1. Residue by residue, what Karplus-based ³J(HN,Hα) values in Hz, rounded to whole numbers, does segment 140-153 have, using 6.51, -1.76 and 1.60 with θ = phi - 60° and x for Gly and Pro?
2. Could you work out the relative contact order of segment 6-56? I mean the mean sequence separation of Cα pairs under 8 Å and 6+ apart, divided by the number of residues, in percent.
3. Would you work out if segment 9-56 is rounded, prolate or oblate? Take a ≥ b ≥ c from the square roots of the eigenvalues of the alpha-carbon gyration tensor; rounded if a/c is under 1.5, else prolate when a/b is larger than b/c, oblate otherwise.
4. Under the rule of at least 5 residues apart or a separate chain, name every residue whose amide H is placed under 5 Å from the amide H of Leu61.
5. Give me, ordered by chain and number, the residues 5 or more places off Val29 or on other chains with an amide H under 5 Å from its own placed amide H.
6. Add +1 for every Lys or Arg and -1 for every Asp or Glu among the other residues with Cβ under 9 Å from the Cβ of Gln13, and state the total.
7. How do Leu61, Leu208 stack up against each other in accessible area, from largest to smallest, with a 1.4 angstrom probe?
8. Quick one: if you stick a label point 7 Å off each Cα along the C-beta vector at Ser205 and Ala135, how many nm between them?
Amino acid sequence: MKGKAVVVFSGGQDSTTCLFWALKSFDEVIAVTFDYGQRHKLEIECAKEIAAELNVEHHILDMGLLNQLAPNALTREDIPVQAGADGALPNTFVEGRNMLFLAFAGVLAKVKGAKHIVTGVCETDFSGYPDCRDAFIKSLNVTLNLAMDYEFVIHTPLMWLDKAQTWELADQLGRLDYVREKTLTCYNGVKGDGCGQCPACKLRSRGLEKYLAQRKG
């Protein structure tokens with residue numbers, strides 16, 4: 001693909017894999033990170049470091065209002081991370097987060113003359129978050145195009161991949177070790193392989209173990 005892309009970039013495993021995918025797929029790539037009061041500011045520092053290392057134009061946008069509207073375990077240190085009970089969403093779900101992030105990424109993209117937006121949302125290995133579903137992304141793509149009279153294309157390279165396949169994609173891009181060592185996925189703010197105990201770390205490590213076993217076999 002040719003053209004310019006904006007990548008929604010948190011500095012985590014998924015978005016960093018998407019960043020490498022975009023760097024291979026487009027002529028020019030811009031990364032955008034959102035500061036919404038994450039309890040671990042290291043996430044933003046991690047994104048800054050990766051963007052600087054890769055020489056990618058990087059923007060950090062203030063989304064503090066989201067923290068005021070939707071308090072949750074990702075933004076409040078006094079709320080412990082908990083899985084959802086009886087089919088409920090885990091308390092790490094931030095209401096409206098991806099909708100707002102993609103809308104603001106769209107504004108930035110239009111200003112920068114980019115028609116492609118890349119996001120690491122996934123409907124395969126996920127916690128049931130409604131704003132990670134393919135139907136939502138397709139719907140928002142149409143809405144953004146109508147709202148700004150602009151022909152955006154939202155790309156979701158990970159949508160139908162499980163975590164093992166996401167690791168495989170990073171490996172195919174020649175960046176598996178980089179993603180493993182330099183990204184931050186952990187809900188407890190531990191870089192690399194993480195704390196090993198939170199839901200994000202468990203999902204990440206299970207996927208890595210599965211992929212490495214498949215590769216060895």
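The values are calculated or read from the model by the stated rules, or taken from the named source; none is laboratory data. The shown structure was predicted, so the numbers you read here are calculated from the model rather than taken from an experiment. With ideal geometry, Cβ positions are generated from the backbone for all residues, glycine too; neighbour counts draw on all protein chains shown. Please note that ligands, DNA and RNA were not included when accessible areas were found on the heavy atoms of the full protein model with its side chains. Shrake-Rupley method; radii C 1.70, N 1.55, O 1.52, S 1.80 Å.
1. So the Karplus estimates, Gly and Pro as x, are 5, 4, 5, 4, 4, 4, 6, 5, 10, 6, 8, 8, 6, 10 Hz.
2. Value for segment 6-56: 43 percent.
3. Values: a/c = 2.27, a/b = 2.01, b/c = 1.13.
Note, shape of segment 9-56 comes out prolate.
4. Thr33, Phe34, Asp35
5. Ala5
6. Counting the neighbours of Gln13, the net charge comes to +2.
7. If we order Leu61, Leu208 from most to least accessible, we get Leu61, Leu208.
8. Modelled inter-label distance: 3.5 nm.
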